[in-house]
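Engineer: Mind having a look at this structure? Questions to follow.
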Amino acid sequence: MNNKIKAAVAGAVLASASVANAGITWDAGEWTVDMNGNVNAFAVFTDSSDNNTVTGGLATTNGGNDKDSVGINTGLLPSWLGFTATTRQNDIDTSVTISFQPGAGNTQALAGGNSNNAATENRQAFLTFGDASWGSVKVGKDLGIFGSTAILNDMTLLGVGSGSATAGNTTTLGRIGTGYLYADWIGQIAYTTPNMNGFQATAGITQPWNAQGGLSGTSSGSTDEFGYQGQASFSWTGDFAGKVWGGFFSQEVTNIDDGNNGTTSDRANAFEAGISTSIMNINLVAYAYSAEGVGTTGMLVRGFDSNGSARDSDGGYVQATYVIPTGTKLGVSYGESHLDSNAGDQNTALVKENNMLTIGAYHPLTKHLNLVAEFSTVESEAQNGNENEDDRFSVGAILFF
């Protein structure tokens, strides 16, 4: 793919050395066009033993019915079709990327026909321009900066992780909400420095988020200021290769319901740090974040209570993978995300913690095709002690081109 597999597809390549970094390219006048993407789907078997209320919990409940459920669904990485066109003019490298993400799942088939409710997403539409001597500028919609490296190093990017596989969703959640916040796909103007002996940094302004506060997570705030995101990293090569990174998110949020028929404002902030190291066939990842007013799982989701006060949150994950002589990558990963309570949240069903343990095997049947098997246990706990747990096994395939 001329090293231009973008965002989530690039992350999957980073997560599995068995995935070929090559796409379908052709020349069109002064442009080189790259068509790239993937198709994946998984059979998911879920055992949900509880039916307690945990608002914001990620463990699947049984709804008071059969505790077992099955489904066919795309994993954390959606099926993907992307086009990137690149050229160099006036000593400036320019490119444009547009991509589409069709879902592979649907709800239970309807009598006499099929239910086809899996959404098609458009996660990327951006341009870049720059030069190796001074860096590059990105303008448009792409993966957010804060939290991006955490998701791109998550081994469940090639699999399923948490999230319902029976509701016809475009994707599952992977480790989103059980170790890191979702970077999401967001409008941005960002600058990335040139690579300076392994050091590189990105900073930008982004489309601001509305705050989703209270207990229910309904939208109660807005903003008149851009979001600010940034990340810096240092990478090294050799027998002991690796990367360390740190990032931030900051946004002023206004018009937050203060619970007294008025509004207030506050600033949501988050910080992150991580490390990924490889030696021989072993890769280790450790990541952590801490936030105020940012909430959990999604950006600014339940970040403020019904009185307009910011909630603290934090989390992280650790992961170890090992490639055995057959080329199969075996991995184990554990992570938690916590949401602290304010005075009005105590003894409520608001989520306190989501955690997940995942064991996975990722086998390269060919240089483009991987077979995947995962087992995950997801646990959710509310501020009042309510708990839910589900166990899920998934098996499927993901093919890149």
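The values are calculated or read from the model by the stated rules, or taken from the named source; none is laboratory data. Small disclaimer: the values here were computed from a predicted structure and weren't measured. Here the Cβ is made from the backbone with ideal geometry for all residues, glycine too, and neighbour counts use every protein chain on show.
Engineer: Within region 296-319, can you find the residues that are modelled with pLDDT under 95, part of a strand (DSSP E or B) and either within 22 Å of residue 149 (Cβ to Cβ) or not aliphatic (A, V, I, L, M) (or both)?
Structural biologist: The answer is 301, 304.
Engineer: In region 273-294, is there at least one residue being over 21 Å from the mean Cα position of the chain (by Cα), closer than 30 Å to residue 140 by Cα and in contact (Cβ under 8 Å) with a residue 40 or more places away in the chain?
Structural biologist: Checking region 273-294: not a single residue is over 21 Å from the mean Cα position of the chain (by Cα), closer than 30 Å to residue 140 by Cα and in contact (Cβ under 8 Å) with a residue 40 or more places away in the chain.
Engineer: Now for a separate question. Output yes when any residue across region 344-357 is charged (D, E, K, R) and modelled with pLDDT under 95, and no when none is.
Structural biologist: yes
Engineer: What single numbered condition from (1) at pLDDT below 95; (2) under 22 Å from the mean Cα position of the chain (by Cα); (3) within 30 Å of residue 347 (Cα to Cα) fails to hold for residue 401?
Structural biologist: For residue 401, the failing item is (3).
To keep it simple, each residue is scored yes or no on (1) of a type in the set (Gly, Ala, Ser); (2) surrounded by fewer than 22 Cβ atoms within 10 Å (Cβ to Cβ); (3) at pLDDT below 95; (4) not in a loop (DSSP other than H, G, I, E, B).
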| site | (1), (2), (3), (4) |
| --- | --- |
| 127 | no, yes, no, yes |
| 137 | no, yes, no, yes |
| 141 | no, yes, no, yes |
| 145 | no, no, no, no |
| 167 | yes, yes, yes, no |
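Engineer: Residue 318 versus (1) hydrophobic (A, V, I, L, M, F, W, C); (2) within 21 Å of the chain's Cα centre (by Cα); (3) under 24 Å from residue 72 (Cα atoms): which is the lone unmet condition?
Structural biologist: (3)
Engineer: Filter region 169-185 down to the residues that are surrounded by fewer than 24 Cβ atoms within 10 Å (Cβ to Cβ) and either of a type in the set (Phe, Trp, Tyr) or at pLDDT 95 or above (or both) and list them by number.
Structural biologist: 182, 185
Engineer: Among the residues that make up region 289-308, is at least one of them among the basic types (Lys, Arg) and either surrounded by fewer than 18 Cβ atoms within 10 Å (Cβ to Cβ) or within 22 Å of residue 338 (Cβ to Cβ) (or both)?
Structural biologist: Yes, that holds for at least one residue.
Engineer: What number of residues in region 320-337 are part of a strand (DSSP E or B) and out of contact with any Gly (no Cβ under 6 Å at 6 or more places or on another chain)?
Structural biologist: Selection size over region 320-337: 8.
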